[in-house]
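K.L.:
I'd like to ask you about the structure that follows.
The values are calculated or read from the model by the stated rules, or taken from the named source; none is laboratory data. The shown structure was predicted, so the numbers you read here are calculated from the model rather than taken from an experiment. Every residue, glycine among them, receives a Cβ derived from its backbone with ideal geometry; neighbour counts consider all protein chains shown. What goes into the accessible areas is simple: the full protein's heavy atoms, side chains included, and nothing from ligands, DNA or RNA. Shrake-Rupley method; radii C 1.70, N 1.55, O 1.52, S 1.80 Å.
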Amino acid sequence: MRAAGGGGGPGCGCKGIRSCLLCEGPAPAAPPPQGEDNFTYCPATGLAKGNEHSEFAGWAFPFPGVFLVEEFISEDEECEIVELMDLDDWKPSQSGRKKQDYGPKVNFKKQRLKAGSFTGLPSFSRKIVAQMKACAVLSGFLPVEQCNLDYRPERGSAIDPHFDDWWLWGERLVSLNLLSKTVLSMSCDSEDTIQLFPISSKEELSPPASFAQTSTCRDSGEEGNECFLSPRLVPGKEVSVAILLPQRSLVVLHGDARYKWKHGIHRRHIEHRRVCITFRELSAEFSAGGRHEELGKELLQIALSFQGRPV
C-alpha cells in the first residue's frame, strides 16, 4: 500500500506531500486543505469584494498588484499555440500537472544558475511577447524563462499556494490562461491585519479613496440620517481572494500580489483541460547594474532568440 504523500502512480510526478488522482488510487488520500475563497477580485475597481454568502459580504479592501486582460489572443491563435505545444512531450510534474520548461538550469536552494541546455523561448512566443508591449504595466518586460503547464480534471491537477522565487525571478509574473477558465486563489500567511471597508450596491464601482472611514452619522438633508460604518480589521490568514481567469486572458502579478500574497489553483477549479503559459523576468541581481549582470545578458540573448525547445 502506498504511503501517504505523492508518487507511485503511472505518469505521476508527485513527490513528498504532493498527490494527484493518479497516485491516490481507489482510496484517495486526503487532498491538501482547500478553503473556500471569501473575496473576489474586481478588475474594474481593483478591490477584493466579500463574497455574497461569506461573513465578509458587503465589505471590501484594495487589492493592488493585479493586471488582467481578457481575450489577449484570438481563439484561432489559442488553437495554434496549443497544437504547437502538443507536438512536444509533456513531462509529469507535481500535483497532477504536466510541464514544458524553456529556461536556464537552476538550483534555487544553492542559488546556482547556468544556461545548461537552454536554447531559448519557443518560436510561437515571439508574437505573444510582442503583444505584451501594448500593456503599460509590462513596459521593459524581457522574459528569460517560460513554463507551460497542463492541468486536467481526470488527473486532479492543482498547484499549492506558493511564492515564486525572487532571487532569480523579477517582480512581474505573467501568465496566459488557455483552453478553459479557472480561478487563481490568493492567500496570505502574514500575521498582519487587513482593513476592510463597507460598500453598498451604489458604491460598487467606487475607488478605494471614496470609502467612508468614520463611524459617525450625519444628516444628508434629503433622506434622513446617513450612517458610515467604521473600517473592520481582520487577520490576513482568514482572507482568500479569488481572481477569475477567463479563457485566453492574460494576468500579471506584481507588487503586493507578487510578494505578500501566495497564489495557487485548487483542484475543484480545474473543470476541463487548462494550459497555462507563465513568463518570468530576471531579478535586479541579474539585470543592468546587478552583481550577475553579464550572466543575465547571456541568458536573455538565448531566451529572445525564440529558437528554443523544451529542456
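K.L.:
Inside region 241-282, can you point out the residues that are open to solvent by 10 Å² or more (accessible area, probe 1.4 Å) and among the hydroxyl-bearing types (Ser, Thr, Tyr)?
P.N.:
Answer for region 241-282, where residues must be open to solvent by 10 Å² or more (accessible area, probe 1.4 Å) and among the hydroxyl-bearing types (Ser, Thr, Tyr): 259, 278.
K.L.:
Cβ contacts < 6 Å: first residue closer than 25 Å to residue 267 by Cα and without any contact (Cβ under 8 Å) to a residue 60 or more places away in the chain, restricted to region 165-187; second residue open to solvent by 20 Å² or more (accessible area, probe 1.4 Å) and of a type outside the set (Lys, Arg), any location; separation 6+ or different chain. Result?
P.N.:
From region 165-187, the pairs are 165/108.
K.L.:
Kindly list the number of the only condition in (1) crowded, with 17+ Cβ neighbours inside 10 Å; (2) farther than 28 Å from residue 73 by Cβ that fails for residue 238.
P.N.:
(1)
K.L.:
Continuing with this model, one more query. Residue by residue through region 137-151, note down the ones that are part of a loop (DSSP other than H, G, I, E, B) and either hydrophobic (A, V, I, L, M, F, W, C) or open to solvent by less than 10 Å² (accessible area, probe 1.4 Å) (or both).
P.N.:
Step one: list which residues in region 137-151 are part of a loop (DSSP other than H, G, I, E, B), which gives 139-142.
Listed by number, the residues that qualify are 141, 142.
K.L.:
Quick check on this structure: which one of 96, 120 is touching a Gly at 6+ places or on another chain (Cβ under 8 Å) and farther than 21 Å from residue 296 by Cα?
P.N.:
Details: 120 fails: farther than 21 Å from residue 296 by Cα.
Answer to the selection: 96.
K.L.:
Taking residue 301 and the conditions (1) farther than 15 Å from residue 170 by Cα; (2) without any contact (Cβ under 8 Å) to a residue 12 or more places away in the chain; (3) part of a loop (DSSP other than H, G, I, E, B); (4) not β-branched (Val, Ile, Thr), which numbered condition does it fall short on, given that it satisfies the others?
P.N.:
(3)
K.L.:
Give me a count of the residues in region 232-265 that are under 12 Å from the mean Cα position of the chain (by Cα) and assigned to a loop (DSSP other than H, G, I, E, B).
P.N.:
Of the residues in region 232-265, 2 are under 12 Å from the mean Cα position of the chain (by Cα) and assigned to a loop (DSSP other than H, G, I, E, B).
K.L.:
Consider region 129-147. How many of its residues are in contact with a strand residue (DSSP E or B) (Cβ under 8 Å, 6 or more places away or on another chain) and closer than 16 Å to residue 249 by Cβ? Reasoning before the result, please.
P.N.:
Looking only at region 129-147, we keep the residues that are in contact with a strand residue (DSSP E or B) (Cβ under 8 Å, 6 or more places away or on another chain), and these are 129, 132, 135, 137-138, 141-147.
This time we only want the ones that are closer than 16 Å to residue 249 by Cβ, so: 132, 135, 137-138.
The total comes to 4.
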